[in-house]
Each structure stands twice: as structure tokens, then as C-alpha cells.
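The values are calculated or read from the model by the stated rules, or taken from the named source; none is laboratory data. Keep in mind that this is a model prediction, so the values were computed, not measured. We place every Cβ from the backbone using ideal geometry, glycine too, and count neighbours over all the protein chains shown. We work out accessible area using only protein heavy atoms, side chains counted, and drop any ligands, DNA or RNA first. Shrake-Rupley method; radii C 1.70, N 1.55, O 1.52, S 1.80 Å.
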Amino acid sequence: MERVYLDNNATTLVDPLVKDAMDPFFTKMYGNPNSLHSFGTEVHPYMGIALDRLYSGINADDDDDIIINSCATEGNNTVIKSLYFESVLNNKKPQMITSSIEHPAVSETMEFLERLGAEIKILPVNSEGIIDPDELRKAIDPDRTTLVSIIWANNETGLINPVKEYGEICRENGVKLHLDAVQAIGKIPVDMKDVLADYITFSAHKFHGPKGIGALYVRKGSGIVPLLHGGEQMAGLRAGTVNVPYMVGMGQALDLAVKNLDFEATEVRRLRDKLEDAILEIDDVEVIGRRELRTPNTILASFKGMEGEAFLWDLNQNGVAASTGSACSSESLESNPTFVAMNIGADLAHTGMRFSLSRYTTEDEIDYAIDVIRNAVKRIRGISSTKNKEYI
Ligand code: PLP
């Protein structure tokens, strides 16, 4: 076995069918879809097909908007800053509610707005790693709260929040709700007729689509103030020439992801559980969050007596790619890999290692990874116990 990729919450391989669907739009049908000549008009219908796939993939209503953008980071920034701008335009001091386990694309945007004068309330997680709907209910001030922004499924633990209840609470109080759905789409059903969120954001590369394209769902009547001005694309809600090949790819990828949801819930879950059972047989290991509450592909395991970088390096040397946390931020090794685990109360003397599977993960790969993980733990714990003896 050469290499095993178990870092699918960071990004996924592009499904070959997605690549095939995108190909013609690079060198054959490359016109600007807004041009009135045939090079432009021949491209237009394919944007329509891609949009239809996105609408049906999340069961959006025809009257809702889906704004194509560059990634979920852009989507999250757009919603949060848009609601801030709206308050400022109405001479109101914005108050926003978020949680302690958001991706930096939400938490750092909130921190920035706090510096500009917004009031930000941060909800803690309960002992299960979930944001309790009652905490949300208590935090909302119907007269002042501008926006609630909570992650649908967490990128590190895979824990799924009770978003349907959040939707009902926000609706009762007349407060807008945004859900970062990046780690939910393609792993669990996302149905916008069932979940009453005003906005959701997602990124194609998390469900076997290309990197650098995402979408922002806006429920009819919820409105959005554009972040990017300068063109009439996306009905004036996001200026900039649309990336047609990637949009086509995202539509195809979502279509395939939705068709594979049963496979995720059964086969991907079975392999994840096999890996998790084997990890739990190792001494002094804990997995964060109950299995039933997590997306079917994710394990965040806390290994006692292991140094994170050494563990990751050893796994990598033996061909297994995992992550010590949010890979989006692991360019800097100072990133705090276990901040979610810490919020849940896990012991931080332990290293949190995330293993995330996809529909492309095979049984042979899982068997191989189990061996590599067991051996890495033995080796590293062996080295650290020798080091400890030297100190004595
Ligand atoms: N939100 C969550 C929950 C994520 O996991 C990520 C990426 O890991 C993002 C937002 C940002 O996605 P992108 O890098 O595609 O903008």
C-alpha cells in the first residue's frame, strides 16, 4: 500500500465524473456566460443545469437564491458582514450569536466585527460537544439579535448540531439564522424545507468537487447585502465573472454526493466504525463525541502520551495522511488542533488526531491504516518512555 488518504474533512479528490463534466468548459465552451454572442449563449444552459442540481441537492425552493462564490470562507464572510452592514445602515448596534466551536471563517470574522463595535455572544458546547438549543433560546434578544451563526457539523469532531431546533427557535424570535454546512453536505441529508435556516454556506471541494468554488444559499425574503460590488452577476448579489467550469463541477459533485448519501450512512460508516473500534483497543485513547451524534466519516481521537507532530510525521512516513485538527489552519503548526476537544473538556495533555474517510476509502486502506496507527503509537510511546527514564 503506497498511501492512504484519511483527511477528507480537509479536502477530497475530484470525482472523475466531475472532472469529465468540467473539461469542455476550459477549451471548447469558454465564452463569458454574460456575452451575447454564441460563445456566451452556448454556455448559459449549463449554468442552469448546474444551478438546478444545487437547488435539488439541498431541496431549496425555486424562489430561494443560491449565490455561486469562491468558497465557504467567502460565504461565511458574506453573510456575517452583510448582516453587520444592514444593522449599521439602519443605525442599529449589531448583536450576533455564535458558538465556541466555529471554523475560523466564522469565528475570526466575528472577532473582526467585534473590533468594529458589534456585540458578539459566544455559546458554549455541552458535555456532548453540542450547542444546546436552550442556551440559544436564552441568548437571543428578539429586539437586538441580528444574526445567529452556528456550525451544522463540526469539522474536527464531526458532531452534528440540532439545527432543526435552532431554525424553529430563530423563526419564533424573528432572528436570522446562518449555518456553516461545509461538513454536513455530502455526509448527511441537507434539506432546506426541513431546516428553517435563512442562510447556509458550502464548498465543493469537501464533496468531491473542485477547490475554489462554493455557494451561499439565501432563503426567499432573507436578503443579503453583497460583499463584492461591481457587476450584475448573480442578480447583483455577488459581482465577478462566474467560474463556469467549476460551477458545472460543483453541480455534478453535489448530484453525486446526494446519490451517495446512503452509501455514506452505511459503507463509509461501517469502515469508520471498524477503524474507530481498532483505535479504541489501543490503551489510553478516547474518541471525542458519541458515534451516533457524528457525521459517518469522522473520528477525532485523543491519544495519551503522544506528541502531535511526531505522531503525524510517523503516520505520514508510513503513508497515512491524517490531521491534527483543522487543516485549513495547519499551515501554521501553532494551530490549536484540539480546540474543539478542549471545549468539550477533553484532557489536553493528549494529542487529538483526526481521521476522516470518504466514499473512496477502501477496506484494505482501513486495514493498512490500523496497522500503521498501532505501530506509530508503540514507537512513539516507546521513545517517550525511554526519554522519561533518562530524566529520572
Ligand atoms: N467551514 C468549515 C466547517 C470548514 O471545515 C471549512 C474548511 O475546512 C471552511 C468553512 C472553509 O472552507 P473553504 O476553505 O473552502 O473556504
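The table below lists the values:
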item: Dipole axis of the chain (+1 Lys, Arg; -1 Asp, Glu on Cβ), positive-most option in V372, T78, Y55; result: T78
item: Inter-site label distance for E168 and S35 at 7 Å from Cα along Cβ, in nm; result: 5.3 nm
item: Potential extension, S56-E135 segment - 0.36 nm per residue separation minus Cα distance; result: 25.2 nm
item: Given the chain, longest segment not containing exposed loop GluC sites (Glu not before Pro) (DSSP; at most 15 other Cβ within 10 Å); result: 129-231
item: Difference of contour (0.36 nm per residue) and Cα-Cα distance, Q317 to T362; result: 14.2 nm
item: Distance between modelled label sites at D143 and E119, nm, 7 Å Cα→Cβ extension; result: 1.0 nm
item: Mean separation of Cα contacts under 8 Å, 6 or more apart, over the residue count of the chain: relative contact order %; result: 23 percent
item: Given 14 as the ceiling on other Cβ atoms within 10 Å, longest exposed-site-free region of the chain for chymotrypsin sites (Phe, Trp or Tyr not before Pro) in DSSP loops; result: 31-359
item: Cross-link pairs beyond the 26 Å C-alpha cut-off, checked among K164/K220; K93/K211; K81/K211; result: K93/K211
item: E111 versus E2: modelled label distance in nm, points set 7 Å from Cα along the beta carbon direction; result: 4.0 nm
item: Calculated from backbone phi, Karplus (6.51, -1.76, 1.60) coupling profile of the stretch 120-133 in Hz, x at Gly/Pro; result: 10, 9, 10, 7, x, 9, 8, 5, 8, x, 10, 8, 5, x
item: Accessible-area value, V242, 1.4 Å probe, nucleic acids and ligands omitted, Å²; result: 20 Å²
item: FRET E, pair A310, D20, Förster distance 45 Å, beta-carbon r, rounded to 0.05; result: 0.65
item: Proximal lysines relative to K259, as straight alpha-carbon distance under 19 Å, when same-chain residues fewer than 8 apart are discounted; result: K19, K187, K193, K206
item: Cα-based reach from K378 at 23 Å (exclusive), listing lysines while leaving out same-chain residues under 8 positions away; result: K274, K304, K387, K389
item: Positive-end residue, the stretch 16-259 charge dipole about Cα centroid, Cβ charges, pick of S38, F207, A184; result: S38
item: Computed [θ] at 222 nm, deg cm²/dmol, the chain (DSSP H ≥ 4; -39,500 (n - 2.57); rounded to nearest 500); result: -12000 deg cm²/dmol
item: Whole-Hz couplings from phi, Karplus 6.51/-1.76/1.60, listed for the stretch 185-195; x for Gly and Pro; result: 4, x, 10, 9, x, 10, 10, 6, 8, 8, 9
item: For the stretch 44-90 and the stretch 92-152, distance of Cα centres in Å; result: 21 Å
item: Shape of the stretch 16-259, Cα gyration tensor, a/c cut at 1.5; result: prolate
item: Cα-centre dipole for the chain with unit charges at Cβ (Lys and Arg positive, Asp and Glu negative), debye to 20; result: 400 debye
item: Rounded to 10°, Cα long-axis angle of helix 363-391 versus longest principal axis of the chain; result: 60 degrees
